[in-house]
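Engineer: Take this structure first; my questions come after.
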Amino acid sequence: MARPELLEKHDLLDIIKDEFELKTDRDLANFLDIQPSMLSKIRNGKVGVTPNLLLIIHDATDWSIAKIRGYLPGSSIQE
């Protein structure tokens, strides 16, 4: 896993896309059951990863919250 300080917010989205073999952000939005515009706002730094989004990702991926947080920038959590 990359060092946390080198991660960007959108890296989490790319990791999910890779892990679940999703080709586009639209596929990812459908997988997470959120609007594609929300993904765009996260990628462009207009919106951060909120606690609600953490729960959405947890529900969709079945990953632990600790694992998800480990993929966020500045996190020292590793799983």
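Engineer: Could you look through region 49-74, keep only residues that are exposed (fewer than 12 other Cβ atoms within 10 Å of the Cβ) and in a loop (DSSP other than H, G, I, E, B), and pick out the one that is nearest to the chain's Cα centre (by Cα)?
Structural biologist: Applying the filter and picking the extreme gives T50.
Engineer: Name the residues in region 26-48 that are at pLDDT 95 or above, in a helix (DSSP H, G or I) and charged (D, E, K, R), would you?
Structural biologist: Those that are at pLDDT 95 or above, in a helix (DSSP H, G or I) and charged (D, E, K, R): R26, D27.
Engineer: Could you list, in sequence order, the residues of region 41-65 that are more than 15 Å from I16 (Cα to Cα), free of Cβ contacts under 8 Å to residues at least 24 places away in the same chain and not charged (D, E, K, R)? Reasoning before the result, please.
Structural biologist: Taking region 41-65 and keeping what is more than 15 Å from I16 (Cα to Cα), we get 41, 44-48, 50-52.
Pick out the ones that are also free of Cβ contacts under 8 Å to residues at least 24 places away in the same chain and you get 41, 44, 46-47, 50-52.
N44, V47, T50, P51, N52, listed by residue number.
The values are calculated or read from the model by the stated rules, or taken from the named source; none is laboratory data. Since we're looking at a predicted model, the values are computed, not measured. For neighbour counting, all protein chains shown are included, and Cβ atoms are generated from backbone atoms with ideal geometry for every residue, glycine included.
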